[in-house]
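Just below is one structure, and these are the notes that go with it.
Quick note: the coordinates plus some simple rules give every number you see, no bench work behind them. What you see is a predicted model, and the numbers here were worked out from it, not measured in a lab. No Cβ is skipped: glycine too gets one built from the backbone with ideal geometry, and neighbour counts run over all protein chains shown.
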Amino acid sequence: MFVEKNPSGVAPKRLLPFSPLPILVAFVALQALSISGACAEPGLTVPGVDAQGAGVYKFNVGSVQITALSDGTVPGDMHQLLRDTTDQRTDGLLEKGFVTNPVEISINVFMFKLGTRLYLVDTGSGQLFPAGFGGKLLQSLAAAGVRPEQITDILLTHAHDDHMGGLIHDGALEFPNAIVHVAKADVDFFEDRSNASKRHYGMNYFDDYFASLKHYVDAGKVQTFEGITEIAPGITATVHPGHTPGSSFYTVESDGQQIVFVGDIIHVGAVQFPEPDITITYDVDRRLAAQVRKTALAEFARERTLIAIPHIPFPGIGHVRTSGTGYEWVPVVYGDRDITKKWQ
């Protein structure tokens, strides 16, 4: 998730896996300043970060129970990650959203059951990030009472490390009984390493593909799709190229209700909801990614659509509504009770 500053706009390599110590030292210092208040505006208290243990949040959409699973969080330096903005503009938006830089970014995975099949939407970062950064999906799955071999289907929103890394653990298939559904455009793109130079995109993204999803391709456990595709009754995939060539939404419908798993149309809510033209260095095509974001947010706000976002603070479930020329995030109301009980 961490990248070198690169004014040319060419997606640079991710720093953590290749040179972790300098970046970790820098971020420890930044976090310490943030906790002490030195990075915050006067009068702004920003809670410090701590380990939370397994993250599980269950809710219902129609007759389908959906579980949000935390894969942990990672700190991101917005001055290095965001594009089509300035540091001053970014800092102003963060301040308005009561957030300081670096921003703690959630990695959310989602699970639901339809009929006899058990689905995961994405798999987190697995072991592609250094220890202590993400990689908590297995812990959260265990807390939800699910073993990896019980998963029958994985819906990948796109082929980036923090969404497909959990497919592999210690070199073996983590979900040996699962079929992976992913847009054909992403498989085609990341299978061809020459696209790194053709599209000015970091080779590490291709290395991550070969370290994870490629193993499922070789095992005959990948089903690709294009355009609008029914994955199963009640599940529809739609391709929205921009962030990656095959970035996809998955819509799940039940009893007249629906939820849309939108992948990475938003990375930093405090910045990209009010200013959806701001992009991120991970975008393969920044112009298209911004267009997808603006079109999708307008529709979701108009239709009052419930959406699930991987990088909004856990559990990442809520709605968007218009606010001025942009949008704002409205998280779901927290619920914690047995719905079979009657209020006396």
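Cβ under 14 Å from Gly256's Cβ, Gly256 left aside: what net charge do those residues give with Lys, Arg +1 and Asp, Glu -1? Kindly include the intermediate steps, with their values, before the conclusion.
On the way: positive: Arg304; negative: Glu253, Asp255, Glu303.
So the environment of Gly256 carries a net charge of -2.
Enumerate the helices in the chain for which the Kyte-Doolittle hydropathy averages 0.0 or more and the C-alpha atoms extend at least 20 Å along the helix's axis, using complete DSSP H runs. Display every interim value, and only then the final one.
Details: long enough: 20-36 (24 Å, 1.91); 286-303 (25 Å, -0.53).
Answer set is 20-36.
Kirkwood Rh over alpha-carbon pairs of segment 244-344, then Stokes-Einstein at 10 °C and 1.306 mPa s: what D in µm² s⁻¹, rounded to an integer?
108
Just to confirm my numbers, what's the Cα centroid distance between segment 121-136 and segment 265-344 in Å?
The distance from the Cα centre of segment 121-136 to that of segment 265-344 comes to 22 Å.
Under 18 Å from the Cα of Lys96, which aspartates and glutamates turn up, not counting those fewer than eight places away in the same chain?
Glu41, Asp77, Asp87, Glu104, Glu275, Asp277, Glu328
Just the number, please: Stokes-Einstein D of segment 252-310 in µm²/s, Kirkwood Rh from C-alpha pairs, 10 °C, 1.306 mPa s.
130
Could you list Tyr201, Tyr282 so that the one with the fewest beta carbons within 10 Å of its beta carbon is first and the one with the most is last? Walk me through the intermediate numbers first.
Values: Tyr201 21, Tyr282 24.
The fewest-first ordering by Cβ neighbours comes to Tyr201, Tyr282.
Which net charge results for the neighbourhood of Gln139, defined as the other residues with beta-carbon distances under 14 angstrom from its beta-carbon, given Lys and Arg at +1 and Asp and Glu at -1?
Taking every Cβ under 14 Å from that of Gln139, the sum is 0.
If the reach is capped at under 27 angstrom between alpha carbons, list the lysines near Lys58, excluding any in the same chain fewer than eight residues apart.
Within the straight-line limit of under 27 Å, Lys58 reaches these lysines: Lys113, Lys136, Lys341, Lys342.
Strictly greater than 38 Å: what percent of every Cα pair in the chain meets that?
Numbers: 6485 of 58996 pairs.
For the chain, the share of Cα pairs beyond 38 Å comes to 11 percent.
Just to confirm a number: summing +1 for Lys and Arg and -1 for Asp and Glu over residues other than Lys221 whose beta-carbon lies under 14 angstrom from that of Lys221, what do you get? Intermediate values should be presented prior to the final figure.
On the way: positive: Lys214; negative: Glu149, Asp153, Glu174, Asp218.
Net charge in that neighbourhood comes out at -3.
Mind sorting Val332, Val271 by how few other Cβ atoms lie within 10 Å of their own Cβ, fewest first?
Listing Val332, Val271 from fewest to most nearby Cβ atoms yields Val332, Val271.
If one computes P(r) from the Cα atoms of segment 36-126, what percent of pairs lie at distances over 22 Å? Could you put the intermediate results ahead of the total?
Values: 1963 of 4095 pairs.
Looking at segment 36-126, the distances longer than 22 Å represent 48 percent of pairs.
Given contacts defined as C-alpha pairs under 8 Å and at least six residues apart, what's the relative contact order of the chain, whole-number percent?
Over the chain, the number comes to 15 percent.
Would you mind getting me the FRET efficiency between Arg117 and Lys294? Use the beta-carbon distance for r and R0 = 51 Å, nearest 0.05. Could the numbers behind the result be given before it?
On the way: r = 34 Å, r/R0 = 0.67.
About 0.90, to the nearest 0.05.
Take the alpha carbon atoms of segment 150-182, find their center, do the same for segment 200-255, and report the distance between the two centers in whole angstrom.
Cα centres, segment 150-182 to segment 200-255: 11 Å.
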